[in-house]
Protein chains: 2
Amino acid sequence: MRRFVVLAHELSADAEINLDDLPGAGRLDLLCRCVTSALLLSHDIRTDVRIDLLVDGYVVRFDGSELRRLNPDERSTAALIRDALGASGEAIGAMAATASPGVSIRKGDLESVLEDRSDRTIVQLHAEGRPVVELTPPENPVFVLSDHREFTDRERESLVEFADERVSLGPRALHADGAITVAHNYLDTGGFDAY
Amino acid sequence: MRRFVVLAHELSADAEINLDDLPGAGRLDLLCRCVTSALLLSHDIRTDVRIDLLVDGYVVRFDGSELRRLNPDERSTAALIRDALGASGEAIGAMAATASPGVSIRKGDLESVLEDRSDRTIVQLHAEGRPVVELTPPENPVFVLSDHREFTDRERESLVEFADERVSLGPRALHADGAITVAHNYLDTGGFDAY
C-alpha cells in the first residue's frame with residue numbers, strides 16, 4: 001500500500017468553507033489536488049492508496065479501497081473534505097467518523113499517524129534529501145508532505161524521529177500535488193525503470 | 001523553451017462557462033490543471049514554458065515569459081480561459097488577441113501549431129511509445145497531449161506526420177496534467193539523473 005500524509009497549516013476544522021473561494025479556505029484547493037493526484041488515474045481509482053490530510057488536530061482520510069466516487073475537479077473534492085470536517089463532532093476519542101464511503105475523520109496529529117511504523121517506510125520529501133533514484137522503491141511507503149508552507153519546528157522534530165528516508169524529487173520546488181504525481185510515477189515505474 | 005499542446009475535445013469556443021461547474025463546461029477543470037501544471041512551481045512561474053490549449057478551432061496560449069499572475073486553483077485559471085475565449089472575436093486571420101498579460105487567443109488547429117518544426121522536438125505522449133528514459137532530453141520539446149478523450153483519427157494522422165518521438169511516461173494511464181508534471185520532472189532532472 002502507498003500512503004501520503006499532507007500537513008495542512010492554514011485550514012481550521014471549523015472553517016466556513018465557501019466552495020467559490022477554495023484558496024481563501026486555508027488553501028483547500030491545494031489539499032483537493034493532493035487528494036486527486038494521490039487517488040486518481042485516467043478513468044480509474046488507485047485502490048492501493050490512502051491519503052491523510054492533517055487538519056487542525058484531525059486526520060481526514062481518503063481510502064482508495066473504499067471510495068465509491070471521486071471526481072478530478074477541485075470543487076467536488078472540496079465538498080467531500082467539507083463534509084468530513086462537518087462530521088468532526090462524531091469523531092470521539094480514537095473513533096473515526098465516516099462522512100462518505102472511503103472518507104473519514106478522526107482526531108490525530110502527525111505523531112499519531114507516524115508512530116505505527118510496522119512494515120512501512122516513512123519518506124520525507126525534502127529539497128536537500130538524497131535523490132529519489134538512489135532509493136530502492138519501498139513496498140509500503142508513507143510520503144509526508146507539507147502544503148504551501150514549510151514544515152513547522154515541531155513537525156520537523158517528529159520527522160527526525162520517525163522518517164526512514166529523506167529524499168528529493170528534483171531540483172525545482174514542486175507543489176505538493178505535483179510531488180505526489182512524481183512519487184507515484186517513480187513507484188509505478190519501479191524507480192524509472194519499467195515502462 | 002518547453003512547450004505543451006493540449007487538445008480539448010468537448011469545450012466550445014462560445015460555451016457559456018459557469019465557474020461553479022467546470023467539469024460541465026467541456027472538462028474545463030482538466031484544462032485548468034494542465035495550465036497550472038505546465039506553468040507553476042512552488043511560489044514561482046516557469047518563464048521558459050508555453051502551453052497551447054486547442055479549443056474548437058482556436059489556440060488559447062499561456063506564455064510563462066509574459067504572465068503576470070497565475071494562481072494554482074482551477075477557478076481563477078478558468079476565468080482566464082473564459083476571458084480568452086471571450087476575446088475570440090478579436091482574433092482575425094492570423095492575428096492573436098491578448099486577453100490578459102501572457103494569455104492570448106488566435107485561430108488555429110493542430111496542424112498550424114505543429115507545422116513550424118524549426119529547432120523543436122515534437123513528442124507525442126502515448127501508452128505504447130518507447131520509455132521516456134530512452135530519450136535524450138530534448139532542448140526544445142513540444143509535448144502533445146489529449147484531454148480525457150482519445151486523439152481523433154485526424155489528430156492521429158497529424159501526429160504521424162509531425163511527431164518526432166512517441167514516448168510513454170509509465171505503465172499507468174495518467175491524467176493530462178499529471179503527464180505534464182512527469183514530463184517536467186523528467187526534463188528538470190535531465191532524464192531522472194540530476195537532483
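Tabulated values for the structure
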{"item": "Qualifying positions in the range B:146-195 - among the basic types (Lys, Arg) and more than 16 Å from residue B:30 (Cα to Cα)", "result": "B:154, B:156, B:166, B:172"}
{"item": "Only listed residue being at pLDDT 95 or above, over 16 Å from the mean Cα position of the chain (by Cα) and β-branched (Val, Ile, Thr), chosen from B:142, B:132", "result": "B:132"}
{"item": "Pair list, Cβ under 6 Å, 6 or more apart: the range A:52-64 residue assigned by TED's automatic domain parsing to the domain that holds residue A:95, other residue among the hydroxyl-bearing types (Ser, Thr, Tyr)", "result": "A:56/A:12; A:58/A:88; A:61/A:104; A:64/A:47"}
{"item": "Residues satisfying the stated conditions in the range A:55-81, i.e. among the acidic types (Asp, Glu) and in a loop (DSSP other than H, G, I, E, B)", "result": "A:56, A:66, A:73"}
{"item": "Matching entry among B:154, B:149 (being surrounded by fewer than 17 Cβ atoms within 10 Å (Cβ to Cβ) and within 14 Å of chain A (Cβ to nearest Cβ))", "result": "B:149"}
{"item": "Boolean, residue A:77 is touching a Pro at 6+ places or on another chain (Cβ under 9 Å), surrounded by 21 or more Cβ atoms within 10 Å (Cβ to Cβ) and β-branched (Val, Ile, Thr)", "result": "no"}
{"item": "Residues located in the range A:14-39, provided they are outside any helix (DSSP H, G or I) and either at positive phi or in contact with a Phe, Trp or Tyr (Cβ under 9 Å, 6 or more places away or on another chain) (or both)", "result": "A:26, A:27"}
{"item": "Test: residue in the range B:88-99 that is touching a helix residue (DSSP H, G or I) at 6+ places or on another chain (Cβ under 8 Å), surrounded by 15 or more Cβ atoms within 10 Å (Cβ to Cβ) and not charged (D, E, K, R)", "result": "yes"}
{"item": "Inter-residue pairs, beta-carbon under 8 Å, first loosely packed, with under 14 Cβ neighbours inside 10 Å and in the range A:8-25, second aliphatic (A, V, I, L, M) and not in a loop (DSSP other than H, G, I, E, B), 6+ apart", "result": "A:14/A:85"}
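The values are calculated or read from the model by the stated rules, or taken from the named source; none is laboratory data. Everything numeric in this text was worked out from a predicted model, so none of it was measured. Reconstructed Cβ throughout: ideal geometry from the backbone, glycine too, with neighbour counts over all protein chains shown.
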